[in-house]
Structures are given as C-alpha cells and as structure tokens.
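Quick note: the coordinates plus some simple rules give every number you see, no bench work behind them. Source: prediction; values computed, not measured. Heads up, the Cβs are rebuilt from the backbone with ideal geometry, glycines too, and the neighbour counts pull from every protein chain shown.
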Amino acid sequence: MKLDNGNNSTHLTYCTNIHPGETWDEVAHALRVHLPAVKAQLCPEQDFGVGLRLSAATARDLQDPEAFAELQDILTTAGLYVFTINGFPYGTFHGARVKEGVYQPDWRTNERVAYSNHLADLLSRLLPDDGSIDGSISTVPGGFKADVEGPETIRAMVDNILRHAAYLVHIRRVTGRSVALALEPEPCCVLETTEEAVNAFKRHLFNSAAISQLAMYTGSSRAGAEADLHRHLGICLDLCHAAVEFEDPDEAVDTLQAAGIAIPKVQISAGLRLPQVTKADIERIKPFDDEVYLHQVVAKTDRGLERYIDLQDAFARYKEAENPEWRVHFHVPIFLDELDGFATTRPAVEKFLARQAKNPVTDHLEVETYTWDVLPAEFRKDDVVTNIVKEMSWAHNQLMGDQLVDA
C-alpha cells in the first residue's frame, strides 16, 4: 500500500515467500485468497502492493500469454499491484530442506541470469504504464561464500551481473519502465556485510572496467553506462541480516549512500538476539533449529565477531566461559519484542523506520517473515493472515504513527 505523510511516499508490502509458491497454481491461490484477506483488513479502500515471490518454474510459466493474462486479471480484480519481486530463492522454498541450497544457482551461472531476466520482463509488464513506480528485484548476494572457488568465481559473477544490467537497460529503452537489481547481503555469503558490499561495488561493478563492459553491451557512452550502473544495480538492505552482523542501520545506510550505491528495497525483518548465551539458552533455542532453513549465527566474543553457518555449528563450538552474544538469522515476528525470554533485533528495525519516516531511504519496504511454518508451535497459534496483518500494522504504526489493527 502507498504511504504518504508529507515526508514519505513509500510502498509498503509483505513478501509472498511466506506462502507456498513453487508453481503458478500455488502463486495464483495466494493472490486470490491470502492477499485479498490481508488487504481487506489493512486498506479495503486502497490498492494493495504485492511483494511477489516467483520461483524459476513459475517465472517460465508466466511467459505464456494466457498465464500472464490470468495474473493480470487476478491483480486487477483484487485491487492489487506489483512493484517488487523477490528473486532470491530459485526453486523450492517451503516444505523441504532448503538450507544452503537457497543460493543455487548463484550468479556465476547462466541459469541465474535467465531467471533474473524473466523476472525483470514480468515486472516491467506489471508496473504502471505512466512510469509512476520503478521496480525492484532482490537477489542472491553473489552466492554462498563457501562455494567460491577463487577469483574466477567472482569474475564470472560480475560478468553475469553486468549482462543482466545490460538487459535492464534494454527493458528501460523499450518499455520506458525502470527495474533495479538489488543484491541482498547475508551472513556467510559473498556479500556478507555492508562494508563488503561497498568494496565489491567499487572494485567490480562501478569501476572503469565495468563501465566499459556495460557500454560495450548497450552501445552507451561511458557516462551513460556509468549512470546506468548506478540506476540499475543496488543493495537490498535486509534489517535482520544487518543486525545479525552487529551493524547499526543508520551507519549501514550512510555507508551505502556515501558510496553512491542505491537502496532500491529494504526488507523489514528481525532476528533472534541472545545477549549472553548460557547452557540453558542452548537448550531453549534448540526448537528454532529446524531442518528447512539456514540459521547463521554471528557471535560477539573478546576475539571479535565469529560466524557459524548454522545453529548446529554454533552449538558445537559454544564455550560458556566466553559469555558471547549471539545474533541468529531466524526471521521472527516484528510485532514481538521478545520470544519466550529471547530478545530480538527489533530495535534496529525501529531505528531504521524512524529514519525512513523522516527522511526516506527507499521507496520500497517489504516485511519479510517467511518462517511462520517453522517457528516453535507456541508462536504460531494464529493463522498466517492474522500474523501478516499484525506485522503490517506494526510497521505502519512505526512509519505513520497509527496502527491499522490491534497487534
């Protein structure tokens, strides 16, 4: 939904990766059933924006004119519009082991390029004809750091991202609609922190060689190619990921802006925080150690930050005498400030949204708590629509000073 308080004209939504959506039929079901139910409680008189998650298989299916026409009809009938797409998970994201497979295929592969091109095609056709809304697609931050085989891996990733950027330039020239690719830093990935993202953009994506390469692909002048890079490539700032890395959201935004890196999209999310881990905490947090998603842990010790790929790795290397603080990549409901005695990183979300309300950082805000199915049972007693509405209403209150429903 569109928010406008005089300082802030922003599109606020939630990501449909919360719903099963590996096939077009599943996506259509969510758009026909869940989205209208959320809209009816939050903004019955206003169109509701959709943060659409499409698998690669669904994106291919929607290249069929009849399927795409069906999508457009569903959106129009329900009073929905799409302004951003989650292009991070390529394949299955619900009901089966995802873990580190979520990063595959990564940006070294032609499959990732083709998938992202399909998504950009679809989004450019869904955006308003009048050019009033630019589009954003969040994506894997290169890939999983453990899968990097050397400089040649990074080179292949950069080449493919530049090829995709050229395709986004082509789309803008043909359709007049602008779509930005937003790489999403995440613990244990090629782009893990804001600092790593800035360094990578400076060294690989905004440097002289990248400008020349894009100019060759698009036939632009060097000045035009440089402008295109800044327009079509940026960062998706996931507030959970940044907080798990012990980053301050203001500092992260300031660092990206100082480097001239766009922030086409921010994902509103919170993780778990254990200020001083005890053996009792280890036992109590084990129900969060599910078999579906990867839950990276960043520990703050006297030696600095130490990273573990998943909770099991953190359990195995835990030493009580060190009294570490843990931040855990497990997206938890943003309307809760604690879960069974565990703190969360919600203060970072509150800090960012206070800034966004006064001086907008981005036009695209997307609540992203995709873990309802794997939360311990005591935290998922309500149905998914009820919880989505609570999250959206809480975020709306932070931005606009009013709560749409009781949370």
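Can you return the lysines within cross-link range of residue 202? Criterion is Cα-Cα under 21 Å, with same-chain partners fewer than 8 residues away left out.
The qualifying lysines are 145, 265.
Distance from the Cα centre of the range 98-123 to that of the range 232-296, in angstrom?
Here the two parts' Cα centres lie 22 Å apart.
Gap in Å between the Cα centre of the range 301-370 and the Cα centre of the range 42-69?
30
Let's see if you can work this out: charge +1 on each Lys and Arg Cβ, -1 on each Asp and Glu Cβ, no other charges. What is the dipole magnitude of the range 117-276 about its Cα centre, in debye to the nearest 20?
That gives the range 117-276 a dipole magnitude of about 700 debye.
Name the residue farthest towards the positive end of the dipole of the chain from the options 44, 79, 259, assuming +1 on Cβ of Lys and Arg, -1 on Cβ of Asp and Glu, about the Cα centre.
Selected residue: 259.
Return the loop-located GluC sites (Glu not before Pro) in the range 137-229 (DSSP other than H, G, I, E, B) with at most 16 other Cβ atoms within 10 Å of their own Cβ; answer none if there are none.
Answer in residue order: 149.
Got a sec? How would 90, 318 order by Cβ neighbour count within 10 Å, fewest to most?
318, 90
Where does the chain land at 222 nm, in deg cm²/dmol rounded to the nearest 500, when only DSSP H runs of n ≥ 4 count, each adding -39500 (n - 2.57), divided by all residues?
-12500 deg cm²/dmol
Among 213, 296, 104, whose mean-square fluctuation peaks in a Gaussian network model of the chain (Cα, cutoff 10 Å)?
213
Take 211, 154, 268 and order them by how many other Cβ atoms sit within 10 Å, fewest up front.
Taking fewest neighbouring Cβ atoms as first place, the list is 154, 211, 268.
Over the chain, what is the percentage of antiparallel beta bridges among all DSSP beta bridges, to the nearest 5?
Here the share of antiparallel DSSP bridges comes out near 40 percent.
Neighbour counts of other C-beta atoms within 10 Å: give me 93, 206 arranged from fewest to most.
Least crowded to most crowded, the residues run 206, 93.
Please sort 302-309, 347-354 by packing, taking for each peptide the average over its residues of neighbouring beta carbons within 10 angstrom, highest first.
Highest to lowest by the protection proxy: 347-354, 302-309.
Note down the nm distance, to one decimal, between modelled labels 7 Å out along Cα→Cβ at residue 221 and at residue 397.
5.3
Order these peptides, 49-56, 35-42, by their mean beta-carbon neighbour count within 10 angstrom, highest first.
49-56, 35-42
Using Cα-Cα distances under 8 Å and only pairs 6 or more residues apart, what relative contact order does the chain have, in percent?
Averaging sequence separation for qualifying contacts and normalising by length gives 18 percent for the chain.
If you count the DSSP beta bridges with both ends in the range 114-269, what percent of them are antiparallel, to the nearest 5?
In the range 114-269, approximately 10 percent of DSSP beta bridges are antiparallel ones.
Among 2/99; 99/319; 39/300, which pairs are too far apart, with a Cα-Cα distance over 30 Å?
Cα-Cα > 30 Å for 2/99; 39/300; rest within.
Among 224, 199, 185, which residue has its Cα furthest toward the positive end of the charge dipole of the range 181-236, with +1 on Lys/Arg Cβ and -1 on Asp/Glu Cβ?
224
Placing +1 at every Lys and Arg Cβ and -1 at every Asp and Glu Cβ, with all other atoms neutral, what dipole size does the chain have around its Cα centre, in debye to the nearest 20?
860
7 Å from Cα along Cα→Cβ at both residue 70 and residue 381: what's the point-to-point distance in nm?
3.9
Note down the nm distance, to one decimal, between modelled labels 7 Å out along Cα→Cβ at residue 355 and at residue 104.
With each label point 7 Å from Cα toward Cβ, the separation is 3.6 nm.
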